Amino acid sequence: MLEARTRDYVEHRIRAGVLEHGTARLLEDSGVGGRMRAEGLVHHGIELRFEGQAHRVPLTELSGGRSIVVYGQQEVVKDLVAARLGAGGEVRFEAECVGVDAPELGKASIRYRAGGEERLLECDVVAGCDGFHGACRASAPPGAFREVEHTHPFGWLGVLAAVPPSTEELIYCRHERGFALHSLRSPELSRLYLQVDPDERTERWPDERIWEELRRRFATEDGWTLAEGPVLEKSITAMKSFVAEPMRSGALFLAGDSAHIVPPTGAKGMNLAVADVRTLAAALLEWYRSGDEQLLDDYSATCLRRVWAAQEFSTYMTRMLHPLPGDDFGSRIALAQLRQAAALGAASTHLAERYVDLCSV
Ligand code: DHB
């Protein structure tokens with residue numbers, strides 16, 4: 001396993017934070033769920049907030065008893081690194097992949113830079129888990145992947161704040177000034193997001209402006225209040241949908257963001273990446289055990305069905321919750337969708353099922 005960054009960087013970089021039911025179960029079943037069980041926050045509902053009113057969607061009730069776990073991606077990374085090293089495995093940090101050659105199963109190699117030198121790692125297969133900008137997808141022969149892309153015309157300003165969350169459950173809020181999301185990481189740490197222009201820069205958002213904007217967007221008619229505190233970290237996330245098809249070229253198997261990006265609304269990115277790896281691991285086990293390539297041959301199609309289901313859900317959530325300037329028609333449609341999602345009928349059930357457990361299929 002080659003990791004471009006330092007161990008400290010990957011274990012502390014703030015990323016996503018919502019584990020679906022199936023993702024949490026997989027960590028448990030893989031023997032790496034101990035800390036998640038102790039420190040993760042199990043949630044049974046989310047709030048949809050629009051037109052100044054709060055509407056709870058009881059996820060667990062609507063999804064046959066399933067729930068989500070709020071547990072930071074960097075915590076999952078810590079647990080996985082510890083398990084790998086604890087099992088005597090090797091993780092080479094600060095080893096940056098610069099090229100992959102993987103013409104067929106059993107014949108692959110990775111060129112990487114470490115300690116100022118270029119080195120070669122020979123291997124049977126390559127799992128390309130190096131993200132959207134990584135070298136794996138870029139190294140495949142021309143035409144290996146068809147790329148399907150959609151850009152959403154806004155970004156998210158994400159904030160980690162040292163203040164107890166003002167809510168017990170995540171709040172997804174549509175406001176005419178833009179979307180806002182109240183999430184959390186622990187009883188002392190809040191995670192908040194604001195819809196901003198796609199080319200926005202964090203320097204233009206001093207803490208006071210952030211809190212002022214959050215207060216305005218989250219305001220309700222019944223006087224809900226937002227607790228404020230020191231901002232520990234700010235970053236801007238672009239909103240992109242992207243899929244590379246198929247997710248395989250020879251002995252190179254793309255997994256996670258190297259193969260697909262979803263807009264963050266609905267928190268599917270990390271769950272999709274975990275699900276890719278679950279599918280790939282089972283296929284590799286079968287191949288090593290019996291020589292049967294069928295599951296490896298099915299890898300891309302199996303994953304892409306799930307990826308497109310996640311694209312659909314993430315696009316639904318994104319469009320329903322983010323206003324576009326001047327798009328009155330789109331706003332009316334989005335409010336009609338929100339009313340249905342809040343009405344505790346079929347639309348709520350459909351939302352809840354996809355929110356808690358879309359990637360385990
Ligand atoms: C978080 C991120 C999301 O994209 C989301 O939909 C919910 C929560 C988070 O970082 O906590």
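Computed from the coordinates by the stated procedures, all read-outs in this text should not be read as laboratory data. Bear in mind the structure is a predicted one, so any value in this text is a computation, not a measurement. Cβ: placed from backbone, ideal geometry, glycine included. Neighbour counts: every protein chain shown.
Using every pair of alpha-carbon atoms in the stretch 230-285, split the distances into 5 Å bins beginning at 0 and state the percent of pairs per bin, rounded to integers.
Per 5 Å bin, starting at 0, the Cα pair percentages come out as 4, 16, 22, 21, 14, 10, 6, 4, 2, 0.
Seen from all sides and averaged, what is the projected area of the convex hull of the Cα atoms in the stretch 205-302, in nm²?
Values: hull surface 38.7 nm².
For the stretch 205-302, the mean projected area of the Cα convex hull comes to 9.7 nm².
Can you find, among A95, V159, N271, the residue sitting farthest towards the positive end of the charge dipole of the chain, where Lys and Arg contribute +1 and Asp and Glu -1 at Cβ?
The Cα lying farthest towards the positive end belongs to V159.
What number, in percent, do you get for the relative contact order of the chain if the mean sequence gap of Cα pairs under 8 Å and at least 6 apart is divided by its residue count?
Values: 696 pairs, mean separation 72.8, N = 361.
Answer for the chain is 20 percent.
Rounding to the nearest 10 and keeping the result within 0 to 90°, find how far the Cα-based axis of helix 346-357 lies from the longest principal axis of the chain.
Helix 346-357 sits roughly 40 degrees off the main axis of the chain.
Which value, in debye to the nearest 20, describes the size of the charge dipole of the stretch 167-278 about its Cα centre when Lys and Arg Cβ atoms bear +1, Asp and Glu Cβ atoms bear -1, and nothing else is charged?
Numbers: 15 positive and 19 negative charges, 84 e Å.
About 400 debye.
Across bins of 10 angstrom width beginning at 0, how are the C-alpha pair distances of the stretch 77-135 distributed, in whole percent?
P(r) for the stretch 77-135, in whole percents per bin: 20, 44, 35, 1.
Could you tell me how many degrees, from 0 to 90 and to the nearest 10, lie between the Cα long axis of helix 294-321 and the main elongation axis, the longest principal axis, of the Cα atoms of the chain?
That works out to roughly 20 degrees.
Rg to Rh for the stretch 302-361: what is it, with Cα atoms only and Rh by Kirkwood? Display every interim value, and only then the final one.
Working: Rg = 13.0 Å, Rh = 12.5 Å.
Radius of gyration over Kirkwood radius for the stretch 302-361 works out to 1.04.
Which of Q340, G229, P198 sits farthest toward the positive end of the charge dipole of the chain, with +1 on the Cβ of Lys and Arg and -1 on the Cβ of Asp and Glu?
Among Q340, G229, P198, the one farthest towards the positive end of the dipole of the chain is Q340.
When the C-alpha atoms of the stretch 39-103 are aligned to their principal axes, what extent does each axis show, in angstrom, from largest down?
52, 28, 25
Sort all Cα-Cα distances of the stretch 1-69 into consecutive 10 angstrom bins from zero, then give the percent of pairs in each bin up to the one containing the longest distance.
Pairs per bin, as whole percents: 16, 34, 31, 14, 4.
To test your reading of the geometry: what angle, between 0 and 90 degrees and rounded to tens, separates the Cα axis of helix 207-218 from the longest principal axis of the chain?
Around 70 degrees separate the two axes.
Calculate how large, on average over all directions, the projected area of the Cα convex hull of the stretch 1-141 is; give the answer in nm² to one decimal. Numbers along the way, then the final one.
Numbers: hull surface 49.3 nm².
Answer in nm², one decimal: 12.3.
Restricting everything to alpha-carbon atoms, can you work out Rg to Rh for the stretch 260-316 with a Kirkwood hydrodynamic radius?
We get a ratio of 1.09 for the stretch 260-316.
Determine the relative contact order of the stretch 44-130: mean sequence separation of Cα pairs under 8 Å and six or more apart, normalised by residue count, in whole percent.
Working: 99 pairs, mean separation 12.9, N = 87.
Value for the stretch 44-130: 15 percent.
Could you size up the charge dipole of the stretch 270-361 around its Cα centre, putting +1 on the beta carbon of Lys and Arg and -1 on that of Asp and Glu, and report it in debye to the nearest 20?
Values: 8 positive and 11 negative charges, 88 e Å.
The dipole of the stretch 270-361 has a size of about 420 debye.
Please compute the alpha carbon radius of gyration of the chain, then divide it by the globular-protein estimate 2.2 N^0.38 Å. Two decimals is fine.
Numbers: Rg = 21.0 Å, N = 361, 2.2 N^0.38 = 20.6 Å.
With N residues counted in the chain, Rg over 2.2 N^0.38 Å equals 1.02.
Given the stretch 55-204, what whole percent of its Cα pairs are spread farther than 24 Å? Each step should come with its number before you reach the end.
On the way: 6709 of 11175 pairs.
Beyond 24 Å sits 60 percent of the P(r) for the stretch 55-204.
Could you give me the radius of gyration and the Dmax of the stretch 252-361, taking only the C-alpha atoms into account and expressing both in angstrom?
Cα-based Rg and Dmax for the stretch 252-361 come out at 17.5, 59 Å.
Calculate the radius of gyration of the Cα atoms of the stretch 109-175 to one decimal place, then report Dmax, the largest Cα-Cα distance, as a whole number, both in Å.
Rg then Dmax for the stretch 109-175, in Å: 20.4, 53.
Nothing charged except the Cβ atoms of Lys and Arg (+1) and of Asp and Glu (-1): what's the magnitude of the dipole of the chain about its Cα centre? Round to the nearest 20 debye. Mind dumping the intermediate values first?
On the way: 41 positive and 53 negative charges, 66 e Å.
Using Cβ point charges on Lys, Arg, Asp and Glu, the chain gives about 320 debye.
What whole number of Å gives the distance from the Cα centroid of the stretch 160-232 to the Cα centroid of the stretch 286-330?
Here the two parts' Cα centres lie 28 Å apart.
What is the sum of charges, Lys and Arg at +1 and Asp and Glu at -1, for the other residues whose Cβ falls under 13 Å from the Cβ of L160?
Details: positive: R13, R15, R185, R191, K234; negative: E188, D207, E233.
Computed value for this residue: +2.
Hey, any idea what the orientation-averaged projected area of the convex hull of the stretch 151-236's Cα atoms comes to, in nm²?
Values: hull surface 22.4 nm².
Averaging across all directions leaves 5.6 nm² for the Cα convex hull.
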